[in-house]
Amino acid sequence: MQQLQQDIIVVGGGGAGLRAAIAAAETSPTLQVALLSKVYPMRSHTVAAEGGAAAVTLEQDSLAAHFQDTVSGSDWLAEQDVVEYFVKHAYQELVQLERWGCPWSRKADGSIQVRRFGGMKTERTWFAADKTGFHILHTLFQTSLKYPTITRFDEYFVIDLLVVEQQIAGVLAICFSTGELVQILGKAVILATGGAGRVFHYNTNGGIVTGDGMALAYRHGVALRDMEFVQYHPTGLPGSGILITEACRGEGGILLNKDGYRYLQDYGLGPETPAGQPKNKYMELGPRDKLSQAFWQQQQRGLTADYHGHAVVYLDLRHLGEAHLASRLPFICELAKSYVNIDPATAPIPIRPAVHYTMGGILTDINCQTSISGLFAVGECASVGLHGANRLGSNSLSELLVFGKVAGEQAAARVQKMSLAPVSAVAAQCQHQQTYISSLFADSCDDTVHAIRTELTLAMEQGCGIYRDNAGLQTCLSTLQALKIRYQQLKVTDNSKAYNSALLQHLELGFGLDVADTICRSALARTESRGAHQRLDEGMTQRNDSDFLKHSLAICQPDGTAAISWQSVTITSLPPAERHYGAKGSGSAGSSV
Amino acid sequence: MSKTINIARYNPQTDSRPQLQAFQVESDNSTSVLDALLQVQQQDPSLGFRWSCRMAICGSCGVMVNGIPKLGCKTFLRDYPDELTVSALAHFNVEKDLIVDMQPFLTHLAAVKPYLINDDQSSQPHRQTPAQLAKYQQFANCINCGLCYSACPQFGLNPEFLGPAAITLAQRYNLDSRDAGKTARMPELNSKNGVWGCTFVGFCSEVCPKKVDPAAAVNQGKVASAGDFIISMFKP
Ligand SMILES: Cc1cc2nc3c(=O)[nH]c(=O)nc-3n(C[C@H](O)[C@H](O)[C@H](O)COP(=O)(O)OP(=O)(O)OC[C@H]3O[C@@H](n4cnc5c(N)ncnc54)[C@H](O)[C@@H]3O)c2cc1C
Ligand code: FES
């Protein structure tokens, strides 16, 4: 087994991982920073983000307003000290990206242009055409090439963390091109492995978004927090789940049911705003959870249309005009033409909700530190406490930057005074993994990764979807248990060394099964409705602050299943109030304080 | 309906060169080549190919479809007759099945110093008008898929040639009103493996899935490089 030594190991080459690696390299030019990623960094799913990144920018805006929108959007489950830190540092981070070359969209005078985004009271979302994530990722990747101390390990797949007496000691990875196991010792490890959307059937995520990092930390006893909160995006393409950005609605797009009716007004988001004149927090610019729930209600009432066997509603952009669409939403036009064969200038786009974002993740403190000393987590894989029960669109790209920097700096500060663990301390763990991997191969196997994965994602869609109830969750849980047993018998039948994707998919499925278990059990335990977690059972359809104004923590048991416990929420200045949108929102405490 | 997809298979442990293997796939109006490959992988899990976003933005899934470089996720079976052939991107070393060695491509990208070079230290954003942004914006849309390298006969002959994407990236920064790094980038562009390696076939721009037009960038690079040369003649 190859053995390497580094100071800081960053796992993940998306926005969070790259920002952390650059911060670490900038903090101290003497530190060796390893950047591992299972795909080339610019393939990471940050690349797919379209809409934008939030920061208080305009004079009429304020940090207090961004704070309030985030906390009320989270249905009061955000850590308020974390939100305060975040809103205060977001602007400077977006400027930093500008200084590194990000091609942000501009106003005529050359200053930064900001746009509206769902759930935000005012315009504060920076964007780079409709390819914001793409430009952020490429800017960070290209900038990272400036730092000679960052060594990339592209297409290295991390299979385990090396932990010695509750201190991080490094990682164990498979080099995809050779199939060899590589042990990398380090004094700090930053997990930036992204979300877990692929455990659901309909999702907007890329194929690599399989929850690996969450499972890696969880298996070593780190709690996964708030896993029941999974955000559906109201506008994915039917079938593929490809995202049609919220910016379409920010620009003035409207949602119609099969009768051409703007149904959102029936679900507390009205009164109807004129087409093409969007108003923050009203109608189409209400928060995502409310919009996805409205779809479900329409579906129950038979008011959705059918598109090749998928229930859909329509996103209508026609009134915006061809020229405006081409300049402001070119990528969306391209996607609609390619994947549903529709020109948005002449026809409405069929869309349906799809899983988009995992609010929960690896529990960290405000410094991105986990309960294992020297192990940090950041980005979508982490739960630093920004999103609570529901993330506001455009907060997460800013989160990658703000907390990516924190993680990189914190890791750098820590390693100055540390030495590496001796190889002997991790030898047994590495040997164990080597034996495990060898045991996975066989000439034949009746079951397949594909079969188990399909059943997993369908079970999650059924049991842990937009609305949940006890019976559905219990069914889901027993399916998951059965799948785990099948997984233990599953073998890899491709025994080639180089580029063995069958092996990696096998391991990803194992990670996904663990993460799914934590989602389902957390959802069962939260017998109230809050944010993205909506229960249909009697007595559970409302938010219940006296019992559930707290985070769930899923902790791995010796049998591999999750036990759920609870953690209090940090509330600094905004006491819980009702979340209101549409006309109701204008006078309520939740949105006007 | 069912279509036949012939895939160039190659396992470095057992094969001396790639060989075609035929598979049947189900295809409807929205089935992409990537969807078809995923179907094949269910029949044969050992099939190797790269993909992730399935929405033509991550740049992972470049392959040759009937000999033309394409993004698998943005190429649809509806546009082909009953049979098509998929092989690994040309001009790169094949590692396994449809997976090629992208390292030379990444090395070329890094060689052009693809980041803003300037020494102002302000903590405020630069001003950049929409017109200034428009000068380089198209060149900033490259997704690093490598199709243009498979289309480029020069890169096929000389793997040291910087190639369309890297030259485009250099142009992207050279044209950025916030950048002052052109002099640092020009030596690489002026070298024998730089812009002058291009014989202007223009196929790179034809295959680009994002309409980045690398041929235009290379051409602009030649003008800049010629300017450099003329200036150097007049210098003592
Ligand atoms: C379609 C779409 C649109 C979005 N639009 C917006 C938007 O407009 N605004 C906004 O704020 N947010 C948006 N989001 C959310 C946001 O883009 C993501 O939350 C964010 O980009 C995640 O970044 P990340 O760095 O945490 O992870 P990712 O970018 O997903 O990167 C994860 C990295 O981890 C690596 N990795 C994973 N597992 C392993 C392993 N086992 N070994 C080695 N490496 C591993 C991967 O290779 C990858 O490099 C959007 C999300 C989607 C899906
Ligand atoms: S899979 Fe990302 S570009 Fe095709």
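Structural remarks
- Residue that is under 25 Å from B:THR75 (Cα atoms) and not polar (S, T, N, Q), where the choices are A:ALA311, A:ALA305, A:ALA336: A:ALA336
- Taking the listed residues A:GLY170, A:GLY133, A:GLY186, the one that is closer than 19 Å to B:CYS142 by Cβ, touching a strand residue (DSSP E or B) at 6+ places or on another chain (Cβ under 9 Å) and at pLDDT 95 or above is A:GLY133, with no other qualifying.
- Residue selected from segment A:87-118 under the condition β-branched (Val, Ile, Thr) and more than 9 Å from chain B (Cβ to nearest Cβ), by the criterion farthest from A:GLY286 (Cα to Cα): A:VAL87
- Selection within segment A:241-263 - of a type in the set (Gly, Ala, Ser) and either within 11 Å of ligand 1 (Cβ to nearest atom) or more than 20 Å from A:ASP343 (Cβ to Cβ) (or both): A:GLY241, A:ALA247, A:GLY250
- A:VAL189 being more than 13 Å from ligand 1 (Cβ to nearest atom), of a type outside the set (S, T, N, Q) and open to solvent by less than 10 Å² (accessible area, probe 1.4 Å): no
- Counting residues in segment A:458-466 that are in contact with a strand residue (DSSP E or B) (Cβ under 6 Å, 6 or more places away or on another chain) and closer than 29 Å to A:ALA525 by Cα gives one or more.
- Residue match in segment A:16-38 (condition: at pLDDT 95 or above, within 14 Å of chain B (Cβ to nearest Cβ) and part of a loop (DSSP other than H, G, I, E, B)): yes
- Subset of segment B:83-104 (residues that are open to solvent by 20 Å² or more (accessible area, probe 1.4 Å) and either within 10 Å of chain A (Cβ to nearest Cβ) or at pLDDT below 95 (or both)): B:GLU95, B:ASP101, B:GLN103
- In segment A:342-361, the condition of being more than 22 Å from A:GLU284 (Cβ to Cβ), open to solvent by 10 Å² or more (accessible area, probe 1.4 Å) and either in the same structural domain as A:PHE511 (by TED's automatic domain parsing) or hydroxyl-bearing (Ser, Thr, Tyr) (or both) is met by no residue.
- Residue satisfying condition, being assigned to a strand (DSSP E or B), at pLDDT 95 or above and surrounded by fewer than 15 Cβ atoms within 10 Å (Cβ to Cβ), within set B:THR107, B:THR4: B:THR4
- Residue count for segment B:35-58, restricted to those that are over 17 Å from A:ASN500 (Cβ atoms), in a helix (DSSP H, G or I) and facing another protein chain (nearest Cβ under 8 Å): 0
- Matching entry among A:VAL83, A:VAL87 (being under 23 Å from B:HIS126 (Cα atoms), in contact with a Phe, Trp or Tyr (Cβ under 6 Å, 6 or more places away or on another chain) and more than 16 Å from ligand 2 (Cβ to nearest atom)): A:VAL87
- The residues listed here are A:LYS337, A:LYS290; of these, the one that is of a type in the set (Lys, Arg) and either within 22 Å of the chain's Cα centre (by Cα) or crowded, with 18+ Cβ neighbours inside 10 Å (or both) is A:LYS290.
- Filter pass, A:LYS121 being under 18 Å from A:LEU285 (Cβ atoms) and surrounded by fewer than 24 Cβ atoms within 10 Å (Cβ to Cβ): yes
- Residue selected from segment B:18-38 under the condition farther than 14 Å from B:ASN6 by Cβ and buried (at least 17 other Cβ atoms within 10 Å of the Cβ), by the criterion farthest from ligand 1 (Cβ to nearest atom): B:SER27
- Any hit, segment B:114-124, residues being within 12 Å of another protein chain (Cβ to nearest Cβ), of a type in the set (A, V, I, L, M, F, W, C), part of a loop (DSSP other than H, G, I, E, B) and over 30 Å from A:TRP126 (Cβ atoms): no
- Hey, B:ARG78 within 16 Å of ligand 1 (Cβ to nearest atom) and in contact (Cβ under 8 Å) with a residue 24 or more places away in the chain or not: no
- The set of residues from segment B:171-201 being farther than 20 Å from B:HIS126 by Cβ, outside any loop (DSSP other than H, G, I, E, B) and either without any contact (Cβ under 8 Å) to a residue 60 or more places away in the chain or open to solvent by less than 10 Å² (accessible area, probe 1.4 Å) (or both) comprises B:MET186, B:PRO187, B:LEU189, B:ASN190, B:VAL195, B:TRP196, B:GLY197.
- Only a single criterion out of (1) over 27 Å from B:THR107 (Cβ atoms); (2) open to solvent by less than 20 Å² (accessible area, probe 1.4 Å); (3) within 14 Å of chain B (Cβ to nearest Cβ) is not satisfied by A:ARG43, namely (1).
- Being surrounded by fewer than 24 Cβ atoms within 10 Å (Cβ to Cβ) and on the phi > 0 side of the Ramachandran plot is a property that A:GLY52 lacks.
- Total residues in segment A:393-425 satisfying the condition of being buried (at least 24 other Cβ atoms within 10 Å of the Cβ) and at pLDDT below 95: the figure is 2.
The values are calculated or read from the model by the stated rules, or taken from the named source; none is laboratory data. Not measured: the values here are computed from a predicted model. Positions of Cβ are backbone-derived with ideal geometry, glycine not excepted, and every protein chain shown enters the neighbour counts. Surface accessibility is based on the protein's heavy atoms, side chains included, excluding ligands, DNA and RNA. Shrake-Rupley method; radii C 1.70, N 1.55, O 1.52, S 1.80 Å.
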